[in-house]
Amino acid sequence: KVHDHTSGTWRQGYKFLGLSVLRGKFSTIVDFSLVSEGKKKIKAACRLQLSQRFYELTHDKITLACQLLGRAVSGGIKADYVLFDSWFFCRSLANKITGSRQKMHYVGGIKDGTRLFNYDTGKYTIGQLRKLLMNKDGSKRCKSLNSYYIEAVCELNGVGEVKIFFSRFSKTKKWVMIITSDIDLSYIQAIKIYSKRWSIEINFKDLKQYLGIARCQSNTFNAQIAHMSTACMLHAMLSLYKNNSDVSTFGVLFKNQRERINDIATVDYYWGQIEEVILWIAEIIGGADKVTVDELFKSAEYLGIKEIINCEVQLNLKFGTQINVLKEQQILASTLRDQA
């Protein structure tokens, strides 16, 4: 069982830890791991086809996050910044990011706690550091974001030099802390970069709402992994299509695709009805294997059907209503069959 922070209850299942890549408008999940809480015993892992995935259940989130990041870098994914929320900041993850061969920086949230930062000649917790800076210089006003902020470059043991931003929007009293390894970042740049982290939450929503990532009913661990892998691959393809088109959201994308499928099915039905009418006319006037196309188009039967359709079109246009083509074709085909 895992703890659901939304409802505050314990539920049966796994937690999904995902690594997302964002480039322009393109954003998708590139790797994931399943997380189990509490002590999970490895049972018959050697008999599982996906035993490596099964062993991941015994690891904590930070270890899995480092593994996801390492696999992405090994796969050739290059990033300017790695974004994470305040749950994930720690020494091991920070060193994993800055110590990679891609020379990446991180921009993430950080919680208030007992972690000590070296500033000037003293050591302070993040809460003490904010109070010190407020008493020393006060906060600055950012008009473009309508917020107040404090910034400081300090050193964290085992991590190195970091830059911390304390941000508070004008209508709230809560200070939000952002930490980055790029000490050249300005406050506005840091906020804009960190705000892009929300795209991974959108990806989770799309996976749940449209691709049913949490709806697999199988009790087999391998089936769960296969289901989630397929959903992530499909999400990547749809994200690429969305990036290369004018579609703004996944909801609009799914609506457009559904309409295209309906249009294709409708066109197929129309062609079937048209072929049936043409073959019926050909049989009436002498046989489908003997009548030419010119003779078919000049026949009284064809001209009569054409006149009926033209009259219906003019009638509907006159009264400002749309033509239910499907219904008209069904009535016409039924009439022809009765006459035949």
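The values are calculated or read from the model by the stated rules, or taken from the named source; none is laboratory data. Everything numeric in this text was worked out from a predicted model, so none of it was measured. All Cβ positions, even for glycine, are placed from backbone atoms using ideal geometry, and neighbour counts span all protein chains on display. Note: accessible area is taken over every heavy atom of the protein model, side chains too, but ligands, DNA and RNA are not part of it. Shrake-Rupley method; radii C 1.70, N 1.55, O 1.52, S 1.80 Å.
Within region 18-33, identify whether any single residue is among the β-branched types (Val, Ile, Thr), farther than 24 Å from Met237 by Cα and at pLDDT 75 or above, and answer yes or no.
For region 18-33, residues among the β-branched types (Val, Ile, Thr), farther than 24 Å from Met237 by Cα and at pLDDT 75 or above: absent.
Output yes when any residue across region 179-198 is in contact with a strand residue (DSSP E or B) (Cβ under 8 Å, 6 or more places away or on another chain) and assigned to a strand (DSSP E or B), and no when none is.
There is at least one residue in region 179-198 that is in contact with a strand residue (DSSP E or B) (Cβ under 8 Å, 6 or more places away or on another chain) and assigned to a strand (DSSP E or B).
Quick check on this structure: which one of Leu238, Leu253, Leu332 is hydrophobic (A, V, I, L, M, F, W, C), at pLDDT below 70, surrounded by 11 or more Cβ atoms within 10 Å (Cβ to Cβ) and within 30 Å of Asn203 (Cβ to Cβ)?
Residue meeting the stated conditions: Leu253.
In this structure, is Leu211 at pLDDT below 90 and open to solvent by less than 30 Å² (accessible area, probe 1.4 Å)?
yes
Select, from Met177, Met228, the only residue that is modelled with pLDDT of 90 or more and under 25 Å from the mean Cα position of the chain (by Cα).
The match here is Met228.
Give me a count of the residues in region 117-140 that are free of Cβ contacts under 8 Å to residues at least 40 places away in the same chain and outside any strand (DSSP E or B).
So the answer is 15.
Determine whether Ala340 is at pLDDT below 65, at negative phi and open to solvent by less than 60 Å² (accessible area, probe 1.4 Å).
It is false that Ala340 is at pLDDT below 65, at negative phi and open to solvent by less than 60 Å² (accessible area, probe 1.4 Å).
Taking region 75-94 as the region of interest, how many residues are within 23 Å of the chain's Cα centre (by Cα), of a type outside the set (A, V, I, L, M, F, W, C) and either closer than 19 Å to Phe117 by Cβ or open to solvent by 40 Å² or more (accessible area, probe 1.4 Å) (or both)?
6
Could you say which residue among Ile97, Ile150 is without any contact (Cβ under 8 Å) to a residue 24 or more places away in the chain, buried (at least 16 other Cβ atoms within 10 Å of the Cβ) and outside any loop (DSSP other than H, G, I, E, B)?
Only one candidate qualifies: Ile150.
Quick test for you: out of Asn243, Asn316, pick the one residue that is among the polar types (S, T, N, Q), under 46 Å from the mean Cα position of the chain (by Cα) and modelled with pLDDT of 75 or more.
Answer to the selection: Asn243.
Out of (1) modelled with pLDDT of 90 or more; (2) small (Gly, Ala, Ser); (3) touching a Cys at 6+ places or on another chain (Cβ under 9 Å), the odd one out for Ala223 is which?
(1)
Would you say Ala300 is modelled with pLDDT of 70 or more and surrounded by fewer than 11 Cβ atoms within 10 Å (Cβ to Cβ)?
Spelling it out, Ala300 is indeed modelled with pLDDT of 70 or more and surrounded by fewer than 11 Cβ atoms within 10 Å (Cβ to Cβ).
If I filter region 153-178 down to residues being in contact (Cβ under 8 Å) with a residue 60 or more places away in the chain and not in a strand (DSSP E or B), which single residue comes out as nearest to Gly24 (Cα to Cα)?
Val159
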